[in-house]
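Colleague: The structure under discussion is supplied below as structure tokens; questions concerning it will follow.
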Amino acid sequence: MVKAYAKFAKENWEQLLFGALLMAMSSFGQTFFVSISGTHFRREFGLSDGGLGAAYAVGTLASAMTLTWAGRLIDYTTVRRFTWSVSFLLAFACLLVSISPNYILLAVAFYFLRLGGQGLMTHTALTATARAFPQDAGKALGVIALGISAAQGILPFATVLIMDTWGWRAGWLVNAVCVLVGVAFALRFLPVAGDTPLRSRRGRTSTEKAFVSIWRDPRLLLTLPAVLASPFIVTGFFFHQARLAEHKGWDIATMAGSIGAFAIVQAVSLILIGPIVDRFGPKRLLPFFLIPQAMGMALLAVASSPLVAPLYMLLMAISAAFGSTLATALWVELFGTKELAKVRSAVEAGAVLASGASPIVMGLLTDAGIPLSHQAFGCSLYSVAASLVTLGVRPRAGRDEI
């Protein structure tokens, strides 16, 4: 496996490095990065936890609605031009955070951060990589996903250092510069050959009709409950980790260490899972990738030992890594590379929506007296049910045409 990865990476390192760098740049719009500034936002704008969460949720949900349209635009231009457009959007969002005079403009900045970062930057990296390696999508997607894992280990520390030295507004100004410099560097490794628009703008009317038909396609409808399970569950329990520690009687340091373990296990899993996806096929593995997550949620529901904290995190990390690699490879298998951007933009919008909704849903359930342990049991049952539903997915002949 190591030799296969080394050979694959050596032969295709430029395209893979491009994808990995874009994944890293998406961090500026990811929840783990934005949350670093949470204390500064609350203090500056006089917001409560709920007020800040509401502003973030509104921006996230609005970005999900936009992503279904914006993500498809990559088909009508080159990857290079689309990448530059996304980078300017994300840099503008960082700048807007830096100069926001009130929480309303901050919510607008959250919208652009989520759309440009977690949404379009990730979408660009995954779509361009899957198109470049349709037969080795598992390995390729696993490799570039390491970009976000590396960013999770480096950016929070660097950002805190900058904010402590120059202030949070200057920190977000630096973020804007980093986006543009990082993308400019990434584009140096994007192969020029073959970087042409996939579709003509003349065909956009028929494409719009085809996009509507995607939401009636049973292949997508049967897979979405499983594919969106990890974004919803992982984000929700990450967001409410302090409350979970309080309910379980765990030290918050235990939770922090468990998150570090999550990042490490996810990175290792991304490397190991790629060849497995390529060998057995994403469709065959689809009903099984949520099993570790279901086990972790069940464990969290019934046990309160501090050892459960890293254990359930590790199990979630395996499913999260499996899902992030498997999903895009699955769309290639079911729909073909021609429809990839169209399908991915719809699914990515669903993932952003799920990750934005879960903190609110779990918070409301907690307020209603339903502890996170009980919610974990429900998440375990849901993971099993969603996995069973995917057994009905059947590839369609002529999958490049929808």
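The values are calculated or read from the model by the stated rules, or taken from the named source; none is laboratory data. Every value quoted in this text rests on a predicted model; they were computed, and no experiment measured them. Every residue, glycine among them, receives a Cβ derived from its backbone with ideal geometry; neighbour counts consider all protein chains shown.
Colleague: Could you check the range 103-126 and list, in sequence order, the residues that are of a type in the set (S, T, N, Q) and out of contact with any Gly (no Cβ under 8 Å at 6 or more places or on another chain)?
Modeller: Scanning the range 103-126 gives T122, T124.
Colleague: In the range 38-48, which residue that is surrounded by fewer than 17 Cβ atoms within 10 Å (Cβ to Cβ) and not in a helix (DSSP H, G or I) is farthest from the chain's Cα centre (by Cα)?
Modeller: G46
Colleague: Out of the residues in the range 287-301 that are among the hydrophobic types (A, V, I, L, M, F, W, C) and over 25 Å from R394 (Cβ atoms), state the one that is surrounded by the fewest Cβ atoms within 10 Å (Cβ to Cβ).
Modeller: Once the filter is applied, the top-ranked residue is L299.
Colleague: Looking for something in the same structural domain as V227 (by TED's automatic domain parsing) and closer than 23 Å to L286 by Cβ - is there at least one such residue anywhere in the range 358-367?
Modeller: Taking every residue of the range 358-367 in turn, at least one turns out to be in the same structural domain as V227 (by TED's automatic domain parsing) and closer than 23 Å to L286 by Cβ.
Colleague: From the list A341, A368, A351, A385, pick out the single residue that is of a type in the set (G, A, S) and under 28 Å from I264 (Cα atoms).
Modeller: A351
Colleague: Answer yes or no as to whether G51 is crowded, with 18+ Cβ neighbours inside 10 Å and either modelled with pLDDT under 95 or not assigned by TED's automatic domain parsing to the domain that holds T235 (or both).
Modeller: So G51 fails the test.
Colleague: Considering (1) among the aromatic types (F, W, Y); (2) surrounded by fewer than 18 Cβ atoms within 10 Å (Cβ to Cβ); (3) at pLDDT below 95, say which one F92 fails and leave the rest.
Modeller: Result: F92 fails condition (3) only.
Colleague: Quick one: which residue in S35, S63, S26 is part of a helix (DSSP H, G or I), surrounded by fewer than 16 Cβ atoms within 10 Å (Cβ to Cβ), under 17 Å from the mean Cα position of the chain (by Cα) and not assigned by TED's automatic domain parsing to the domain that holds G363?
Modeller: S35
Colleague: Follow-up. Where in the range 269-374 are there helices (runs of 4 or more DSSP H), lying wholly inside it, with at least 1 residues that are under 21 Å from the mean Cα position of the chain (by Cα), at pLDDT 90 or above and farther than 17 Å from M255 by Cβ?
Modeller: So the answer is 282-285, 291-302, 308-335.
Colleague: Same structure again: Quick test of your reading of the structure: A263 fulfils all but one of (1) at pLDDT 80 or above; (2) surrounded by fewer than 24 Cβ atoms within 10 Å (Cβ to Cβ). Name the failing condition by number.
Modeller: Condition (1) is where A263 drops out.
Colleague: Here is a further query. Taking F112 as the residue in question, decide whether it is aromatic (F, W, Y), in the same structural domain as L146 (by TED's automatic domain parsing) and surrounded by fewer than 16 Cβ atoms within 10 Å (Cβ to Cβ).
Modeller: So F112 does not fit the description; no.
Colleague: Also, quick follow-up: Only one of L190, L141, L115 is within 30 Å of R279 (Cα to Cα), touching a residue at least 40 places away in the same chain (Cβ under 8 Å) and within 13 Å of the chain's Cα centre (by Cα). Can you tell me which?
Modeller: L141
Colleague: Right, next: Filter the range 1-23 down to residues that are in a helix (DSSP H, G or I) and over 24 Å from the mean Cα position of the chain (by Cα) and give me whichever is modelled with the highest pLDDT.
Modeller: For the range 1-23, the residue satisfying everything is E11.
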